[in-house]
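What follows draws every value from the coordinates through simple rules; no lab data is involved. Please read these numbers as outputs of a predicted model, since none were measured by experiment. Note that each Cβ is placed from the backbone with ideal geometry, even for glycine, and that neighbours are counted across all protein chains shown.
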Amino acid sequence: MNNDNPCAPPQADSGFGHLAADAVIRVKRSTSYPDRIRAYRILVDGQEMARLNDGESVELPVVSGRHTIVAKIDWCSSPTLNVNIRDGETVNFECGSNLRGLRLLLGIFYVLFLRDQYLTLVQVSS
């Protein structure tokens, strides 16, 4: 895009330049007690693409190829996953809190020492 004003801010785009999205990443957030009133941020290739509240799901159009995906909340996250998506493919993920059952008692431990495992993010079949 030609912009005559060199001081103008860059125009927002989908994060993939001029390439058209031809694949989909679908993320569903499971319902759970911890963090139920807070949104999880879904990052694809380091860019926030969506915010998911308890029980919500989202479809994120992306270009085919290799991508990283991670779920975040505050300074905690899920492990970062790598995915290779083909043209026309939809890849499904489910995210949620790792603090279920007796793990609820380990909340402080996760926040202090296992920040990148506070949330779960797993690829699921459709």
Original post:
Ranking LEU121, LEU81 by Cβ neighbours within 10 Å, fewest first, what do you get?
Top reply: LEU81, LEU121
Original post:
Roughly speaking, what is the stretch gain from TRP75 to ASP87, that is 0.36 nm per residue apart minus the C-alpha to C-alpha distance, in nm to one decimal?
Top reply: 1.0 nm
